[in-house]
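Here's the structure, in structure tokens; my notes come after.
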Amino acid sequence: MLRYTVRRLLGAIPTLLVIVTLAFLLLHAAPGGPFDAAKRMLPEIQKSIEAKYHLDEPLWRQYLRYLGDLARGDLGPSFQYRGTSVNEIIAQGLPVDATIGLTAITLALVVGGAVGVNAALRRGSRWDYGSMAFAVAGISTPVFVVAPLMILIFAVTLHWLPAGDWVGGSPSHLVLPAIALALPYVAYIARLMRGSTIEVLNSPFIRTARAKGLPLRLIVWRHALRPTLTPLVSFLGPAIAGLLTGSIVVESVFGLPGIGRHFITAALNRDYTLVIGITVLYGALIILFNLLADLCYAWIDPRVRLR
Amino acid sequence: MTALRARAPWASLACLIAGCSSVDPSTTPPKLPPAPSITVGTGLAGEQILSRGLDDTPRSLDPQLSTDVPGQRLLDDLFEGLTTVDIAGKPAPGVASSWDSSADGKTWVFHLRRDARWSNGAPLTAGDFVYSWRRVVDPKTGAEYAQGMAAIDNALAIALGQKPTDALGVEALDEHTLKVRLSGPTPYLLDLLSQQYAYPVYQPVIARYGDDWVRPEHIVSNGPFVLRENVLSSRITLEKNANYWDAAHVRVQRVIYYIASDRSVQVSRFMAGDVDWTDSFPSNQYPWLKSVLGDQVVNSPYFGTYMLGMNFTRPPFKDNLPLRQALVLAIDREPLARYMRLGIYQPAYTFVPPLEGYQQPRPDWAGLSDAARHALARKLYAQAGYSERHPLRLDLESSRQDPDARHYYEAVAEGWRSVLGADVHVYEREFKVLLQELQLHKLLLFHDAWIGDYPDPYTFMQVYYTGDGNNHGGYSNPQFDRLVDAAGQEPDNVKRYRLFEQAERVLDDDAAFIPLYFYATRHLVKPYVRGWQSNIMDRNLSRYMYLLEHQRR
């Protein structure tokens, strides 16, 4: 298992290199530069800024310079926020996204899991149809509709919770964004759990357990639950990576200082280093969580052997 | 006690979620349910904490590197130049308590306050200004707005790398006296010196921390407030600066700027009571907001102009005056401003926005009836060689930055179609792409806009000066250049303004651009926030503001 993990981690390096290279080339190929502005600046000053950020060097040298810095863990200076480094932007934003993301995913797992398993156990009942209707609605209602509605109800009208901001992650500021972010995941996990529970409940080993005369509760908790988690784990790997790097919509609607929002503005402002930095981070997290998912399979399903 | 009614936010869910589409502002607003109101007292509120919305994350808090409006808002609170602006946005004594100027207007002597200090208690001297101004024009600093200092002798030559920085026309006569030499008479100098690039910066922290000097833990400033906290893209907190020379008159103890680049978010946070003052609101929500919030919606003229530019270096506009005039004349500006921009912006017939003491040279065609103007436009269009068989086919290039502008441009294109029979399509590009194409003079007909840096026509005139970097259409007329140059050497402001008016007439005679409308400021302001006035530069310093007692019922 350890050898497997190390090998997978080493295998991630060329993948990341490809990601960096592609991001670098695509960004530099886009028209317009980070210091093009509506009001034109003097040529000498433009030259001085370009020299400061090494934009005057040939592209291959900029690329090698970037790789060298990256190897040392330095993602470079941000171009759109002068005097701020990309490392700093990520260090400031990642904890925010991680707090909201992990709260949301925990919420989604508990609520979605419970709803899904219950629906599977009472297949064809009113509860089943009701919860699945809710799930379909949850998946198909975009966050940019749900989040402002929640603000309108809980912040503007009832004044129960703040409409946004962060304030060091105080619980009252966490509630609305975490719920808004969790809703589609609750729905997705509920559907996923319902499907896999039904499948597992129909499998021969459950029939054996029923034949032994075990009560349903024991069957579900002891035998059925673990195998139902397999599809969930493959969903959760990339989902957690995505949540950690932030939801652009939730961040902008609630005014949260996460990194998702920077990704879009950085791309529009040609903030090369910030875009590549976030892309690399996102790539690394996806690789990491996919690896964790694979390791989880082995724990859930003894038939899986990692080599 | 006066009770100000703020109507309920229930009115239109759809508006908050999706943004309202264009609504005829003349229709009566929908009937609203009974409203919660804010009761405002007459005494000062016990807690003087002002929450302001901000449209975007400032790109830098270094006064000499800042180029954006959000940066200006913050820096106006953190720093103070030789001059500052008063509550009405007019220049007022800042670090300098008085000044004298020579008869030719080219030499000024500023007398600095003896009680002016940095936020760490160190005295603020004339030498600090010498250091700061040399810093902004030094190409090594990389200050994008270095040419803002062009009025100071040798500033441009230094910024172009032709002269050393100590050649700059600024000299400390003693600790409290600063002598400034100008390259020409500059009647707007006092406005210029209240701009962020002319603010003093504290040399010891810059020498010690380099780019990091603007962090809350290092920064030393000289304005009414100091920086306490800077959470990127989220919140910037300022505290009152006890070392500020006029601290006794600053009532607000803390200012919190909430950054929300999505303007609907600022609206919802205002509604929720988290924000007392928004930087703006989505212009398409104007009728709805007005019906819900009444007087809390504030909009007023802003010193900027929206226009369309034409490319003078290529056909069809090169050497084709009748075509350019036809396009200028065929636009129905009044109904477009009223219906497509909901009456927030005023229609423009000239370049320089309304300015005190300045007589806009309104062209004759602006007074024609619609029918007469259309007929004239058609005649010019035919004269330019176009007809129903051979219509003008062209793309109008705009940017995606302003989502509302698209409707407006579609309506402009439709006007040209119905009046002239021209076939113009609106084409949107990413902002950075548009900028690059503009600088390469690739576009024929394009979105353009200009916001003045200081309240003087000169900041507008530069745009159509031959060879200026912002002259995207490549317009050139020696007569216009001569008038602008003459105004640049004219110390008498009345005569200067006359010269600018003549220059504007040249622009109109040449149909140098297609004027559309003048900008307007857009704020939502709680009724208990006092100590501010709308002004054309849209500068509202927290220093003057205060909060009255209030209660939400």
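The values are calculated or read from the model by the stated rules, or taken from the named source; none is laboratory data. Since the structure is predicted, the reported quantities are computational estimates derived from the model, not experimental observations. Every residue, glycine as well, gets a Cβ built from its backbone with ideal geometry; the counts of neighbours run over all protein chains shown. To get the accessible areas, we keep the full protein, side chains included, count just its heavy atoms, and leave off ligands, DNA and RNA. Shrake-Rupley method; radii C 1.70, N 1.55, O 1.52, S 1.80 Å.
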What number of residues in the range B:398-412 are open to solvent by 50 Å² or more (accessible area, probe 1.4 Å), modelled with pLDDT under 90 and in contact with a strand residue (DSSP E or B) (Cβ under 7 Å, 6 or more places away or on another chain)? 2
Meets criteria (touching a residue at least 24 places away in the same chain (Cβ under 8 Å), of a type outside the set (Phe, Trp, Tyr), farther than 18 Å from residue B:453 by Cβ and not in a helix (DSSP H, G or I)) for residue B:89: no
So, first residue open to solvent by 20 Å² or more (accessible area, probe 1.4 Å) in the range A:190-208, second residue among the aromatic types (Phe, Trp, Tyr), Cβ within less than 9 Å, six or more apart or across chains; the pairs are A:192/A:235
Residues in the range B:91-113 that are surrounded by fewer than 16 Cβ atoms within 10 Å (Cβ to Cβ) and within 25 Å of residue B:62 (Cα to Cα) total 1
Show me the helices (runs of 4 or more DSSP H) found entirely inside the range A:105-213 where at least 1 residues are within 14 Å of another protein chain (Cβ to nearest Cβ) and of a type outside the set (Gly, Ala, Ser). A:143-150, A:171-201
Looking only at helices (runs of 4 or more DSSP H) that lie completely in the range B:113-208, which have at least 2 residues being within 13 Å of chain A (Cβ to nearest Cβ)? B:126-137, B:155-159
Here is a list: B:445, B:507. Which entry is open to solvent by less than 20 Å² (accessible area, probe 1.4 Å), away from chain A (no Cβ under 14 Å) and closer than 22 Å to residue A:37 by Cα? B:445
Please enumerate the residues belonging to the range B:268-293 that are of a type outside the set (Asp, Glu), within 13 Å of chain A (Cβ to nearest Cβ) and either within 19 Å of the chain's Cα centre (by Cα) or not in a helix (DSSP H, G or I) (or both). B:272, B:273, B:275, B:278, B:282
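So which of B:104, B:138 is farther than 17 Å from residue B:246 by Cα and without any contact (Cβ under 8 Å) to a residue 60 or more places away in the chain?
Exactly one residue qualifies, and that residue is B:138.
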Hits in the range B:273-310 - residues which are touching a Cys at 6+ places or on another chain (Cβ under 7 Å) and among the polar types (S, T, N, Q): B:284, B:285
Could you check, for the range A:84-101, whether at least one of its residues is under 30 Å from the mean Cα position of the chain (by Cα), assigned to a helix (DSSP H, G or I), away from chain B (no Cβ under 14 Å) and not hydrophobic (A, V, I, L, M, F, W, C)? yes
Specify the residue that is nearest to the other protein chains (Cβ to nearest Cβ); the eligible residues are those in the range B:257-267 that are open to solvent by less than 10 Å² (accessible area, probe 1.4 Å) and farther than 18 Å from residue B:229 by Cβ. B:265
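Could you check how many residues of the range B:255-275 are under 8 Å from residue B:53 (Cα atoms) and of a type outside the set (S, T, N, Q)?
The number of residues fulfilling the criteria is 5.
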If residue B:292 passes every condition in (1) modelled with pLDDT of 95 or more; (2) open to solvent by less than 10 Å² (accessible area, probe 1.4 Å) but one, which one does it miss? (1)
Can you tell me how many residues in the range B:427-449 are touching a Ser or Thr at 6+ places or on another chain (Cβ under 6 Å) and among the hydrophobic types (A, V, I, L, M, F, W, C)? 2
Out of (1) surrounded by fewer than 21 Cβ atoms within 10 Å (Cβ to Cβ); (2) within 14 Å of chain A (Cβ to nearest Cβ); (3) small (Gly, Ala, Ser), the odd one out for residue B:248 is which? (2)
Taking the range B:151-167 on its own, how many of its residues are surrounded by 20 or more Cβ atoms within 10 Å (Cβ to Cβ) and among the small types (Gly, Ala, Ser)? 3
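Which members of the range A:38-65 meet the condition of being hydroxyl-bearing (Ser, Thr, Tyr) and surrounded by fewer than 18 Cβ atoms within 10 Å (Cβ to Cβ)?
Correct list: A:63 only.
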Out of curiosity, is residue A:230 crowded, with 20+ Cβ neighbours inside 10 Å and either within 30 Å of residue A:191 (Cα to Cα) or away from chain B (no Cβ under 14 Å) (or both)? no
Criterion first (of a type outside the set (D, E, K, R), modelled with pLDDT of 90 or more and on the phi > 0 side of the Ramachandran plot) does residue B:309 satisfy it? no
Apart from one, (1) outside the structural domain of residue B:451 (by TED's automatic domain parsing); (2) without any contact (Cβ under 8 Å) to a residue 40 or more places away in the chain all hold for residue B:296; the odd one out is (2)
Can residue B:242 be described as away from chain A (no Cβ under 14 Å), assigned to a helix (DSSP H, G or I) and at negative phi? no
Can you tell me which residue is farthest from the chain's Cα centre (by Cα) among those in the range A:241-278 that are closer than 18 Å to residue A:164 by Cβ, at the interface with chain B (Cβ under 10 Å from one of its Cβ atoms) and among the polar types (S, T, N, Q)? A:265
Mind listing whichever residues of the range B:210-232 are out of contact with any helix residue (DSSP H, G or I) (no Cβ under 6 Å at 6 or more places or on another chain) and within 10 Å of chain A (Cβ to nearest Cβ)? B:210, B:211, B:212, B:214, B:215, B:230, B:231
Matching residues in the range A:22-67 (assigned to a helix (DSSP H, G or I), at the interface with chain B (Cβ under 7 Å from one of its Cβ atoms) and aliphatic (A, V, I, L, M)) number 2
Reported set for the range B:128-150 where residues are at pLDDT 95 or above, open to solvent by 10 Å² or more (accessible area, probe 1.4 Å) and not basic (Lys, Arg) is B:128, B:130, B:131
So which residues in the range A:1-29 are of a type in the set (Ser, Thr, Tyr) and touching a residue at least 60 places away in the same chain (Cβ under 8 Å)? A:4, A:5, A:15
Condition (residue is surrounded by fewer than 21 Cβ atoms within 10 Å (Cβ to Cβ), of a type outside the set (Gly, Ala, Ser) and more than 22 Å from residue B:315 (Cα to Cα)) applied to the range B:380-397: is it met by at least one residue? no
